[in-house]
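As C-alpha cells, the structure follows; a few thoughts come after it.
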Amino acid sequence: MPDTPRAASVRLQQFYARQVHAVNAADFAAYRDTFIPDAEFTGSGLPDPVRGAGAIAEHSRRLHERRAAQEVVQRHHVTMTALLDRTDGVLAARSCTVIVATALWGRPVIVAGVECVDEFTETDGVLRVRRRRLHPLAS
C-alpha cells in the first residue's frame, strides 16, 4: 500500500536527515549508500553530471578535503522539502539546501543556496536517490 502524503513526507525528512548528517560528518560510505549505484547528480556548477554513487561520494570527499586543508567546516541545511506530484508514480521531492561554511574561529557564512530536485527508488523499504538535479536559488 503506498504511503499517504504525510507518511511520505516524514520518510523524506528522515532520509534527508540521515543523508545530511552523513555528508556533514564526512561519513562518505554512508553518504554513498543514500544513492543507487547508477545515480546521477547534475547541476550547481558541475561541468558534467556525476554518475554513480561511488563517484558522487568521491566528489564530496574531495570537496571536504579541500575545505579541511583550509580549516573550513561546511554544513548543509535542508529546508522546505515538498513532495512533487508525479503521474509516473515516482517518489520525487523538491527542497532548498543552504550551505554554511565556518573558518576556524570564524563566523558562519552562507556560501551557497540551491534548489534540489530528487527522484527516489525504494528497495526493501529503503529510499535512495536515483537522480538529483541542483539549481542555484534565485536572489
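The values are calculated or read from the model by the stated rules, or taken from the named source; none is laboratory data. These numbers come from a predicted model, not from an experiment. Backbone-built Cβ (ideal geometry, glycine too); neighbour counts: all protein chains shown. The area values use the complete protein model at the heavy-atom level, side chains included, leaving out ligands, DNA and RNA. Shrake-Rupley method; radii C 1.70, N 1.55, O 1.52, S 1.80 Å.
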**Report entry** Residue list for region 3-51, filter: acidic (Asp, Glu) and modelled with pLDDT of 95 or more
**Finding:** ASP27, ASP33, ASP38, GLU40
Query raised in the report: Which residue out of ALA93, ALA57, ALA26, ALA82 is part of a helix (DSSP H, G or I) and either closer than 21 Å to ALA112 by Cβ or in contact with a helix residue (DSSP H, G or I) (Cβ under 8 Å, 6 or more places away or on another chain) (or both)?
Result: ALA57
Query raised in the report: Could we say that GLU65 is part of a strand (DSSP E or B), of a type in the set (Asp, Glu), open to solvent by 80 Å² or more (accessible area, probe 1.4 Å) and out of contact with any strand residue (DSSP E or B) (no Cβ under 6 Å at 6 or more places or on another chain) here?
Result: no
Requested in this report: From (1) under 14 Å from the mean Cα position of the chain (by Cα); (2) of a type outside the set (D, E, K, R); (3) open to solvent by less than 30 Å² (accessible area, probe 1.4 Å), pick out the condition that doesn't hold for MET80.
Outcome: (3)
Requested in this report: May I ask you to verify whether LEU127 is in contact with a Cys (Cβ under 8 Å, 6 or more places away or on another chain), in contact (Cβ under 8 Å) with a residue 60 or more places away in the chain and either assigned to a strand (DSSP E or B) or surrounded by fewer than 13 Cβ atoms within 10 Å (Cβ to Cβ) (or both)?
Outcome: no
Report task. Considering only residues that are on the phi > 0 side of the Ramachandran plot and in contact with a strand residue (DSSP E or B) (Cβ under 7 Å, 6 or more places away or on another chain), look in region 1-44 and name the one that is least open to solvent (accessible area, probe 1.4 Å). Result -> GLY43
Query - Conditions (1) over 27 Å from ARG6 (Cβ atoms); (2) open to solvent by less than 40 Å² (accessible area, probe 1.4 Å): number failed by PRO47 - result: (2)
Report task. Return a yes/no flag: does region 99-112 have any residue that is touching a Ser or Thr at 6+ places or on another chain (Cβ under 7 Å) and surrounded by 13 or more Cβ atoms within 10 Å (Cβ to Cβ). Result -> no
**Report entry** Residue count, region 96-116 (criterion: of a type outside the set (A, V, I, L, M) and either assigned to a loop (DSSP other than H, G, I, E, B) or over 30 Å from ALA68 (Cα atoms) (or both))
**Finding:** 4
Query - Which numbered condition ASP33 fails, given (1) without any contact (Cβ under 8 Å) to a residue 60 or more places away in the chain; (2) within 20 Å of GLY125 (Cβ to Cβ) - result: (1)
Requested in this report: Find all pairs meeting these conditions: Cβ atoms under 6 angstrom apart; at least six residues apart or on different chains; first residue within region 51-68 and within 15 Å of ARG133 (Cα to Cα); second residue acidic (Asp, Glu) and crowded, with 16+ Cβ neighbours inside 10 Å.
Outcome: ARG51/GLU40
